[in-house]
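Each reported figure results from applying straightforward, stated rules to the coordinates on display, with no laboratory input. Fair warning: this is a prediction, and the values are worked out from it, not measured in the lab. For neighbour counting, all protein chains shown are included, and Cβ atoms are generated from backbone atoms with ideal geometry for every residue, glycine included.
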Amino acid sequence: MLIDQIDIERIPDHIAIIMDGNGRWAKRQGKPRVFGHKSGVKSVREVTEGCAELGIKYLTLYAFSTENWNRPKLEVTALMALLVETIKTEVSVLNKNNIRLETIGNSDALPAKSRRALAKAIEDTQDNDGLCLILALNYSAKWDIMQAVKTIADKVERKELTAKKLTESDFESALSTKNIPDPELLIRTSGESRISNFLLWEIAYSELFFTPVLWPDFRKENLFEAILDFQSRERRFGKTSEQI
Ligand code: FPP
């Protein structure tokens, strides 16, 4: 079993995943794209469970990007409905497994129904102190960086901060990922080797793992394989091998 090979002392605190390939997976079976998204929910369950089992602290899933609004209206509506439905049915499972739900992104612009379901699930799970499951919803890294820049510019305008005194940590506290450690490992499924506007600031030193597996086929074993690959790498943060 792959899980037995994982060094528990060196598991990443935070894993981020770009869940890609739902549409292609469905198309291969002659089914509509939405069937792929529905099947992808099982993979969400699997990785969440896998992370909880390993004691990983944060798991961020790219569920809906700012750019996804450009998809056919029917697909957008179906994705939103799937999200609400999944959140509602999974809250009890999250609570049973001590998992806290959070979101990053511009959730104010989500449909009212999705906002309400999310707010309720976040509130119902807020006291759990196991895995923190973060859904990136209506998220894009450029959006987040821009809204942080605007928050900081406002502060400067109000004379609460000067450009000279501005630190990296001031900037980080204006991002929607504040209080979340940077991901050590970023996984993207479906064979694409792109970041697609996800966590640009936060992945400065992340290890990247690209797999050809399409998201609906992604299982715990695939997660464990990515973690093992991560553990085989030497993370130098700009230093030489000898300095580590
Ligand atoms: C990318 O595949 C996937 C998405 C844009 C949506 C991900 C959503 C889910 C897995 C379902 C719900 C999630 C939660 C957290 C409840 P794609 O459509 O871009 O696939 P393609 O590249 O093959 O077209």
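Points worth noting:
- Remark: the residue 109-residue 178 segment gains 22.8 nm on full extension, using 0.36 nm per residue and subtracting the alpha carbon distance.
- What you get for the chain, charging only the Cβ of Lys and Arg (+1) and of Asp and Glu (-1), is a dipole of about 1120 debye around the Cα centre.
- Note on residue 160 and residue 76: their simple-model spin labels are 3.3 nm apart, each label 7 Å out from Cα toward Cβ.
- Cα gyration tensor shape for the stretch 169-244, rounded if a/c is under 1.5, else prolate or oblate: oblate
- The chain, relative contact order in percent, only Cα pairs under 8 angstrom and at least six apart counted: 29
- Restricting the trypsin sites (Lys or Arg not before Pro) of the stretch 117-215 to loop positions (DSSP other than H, G, I, E, B) with no more than 10 neighbouring Cβ atoms within 10 Å leaves 158, 159, 164, 165, 194.
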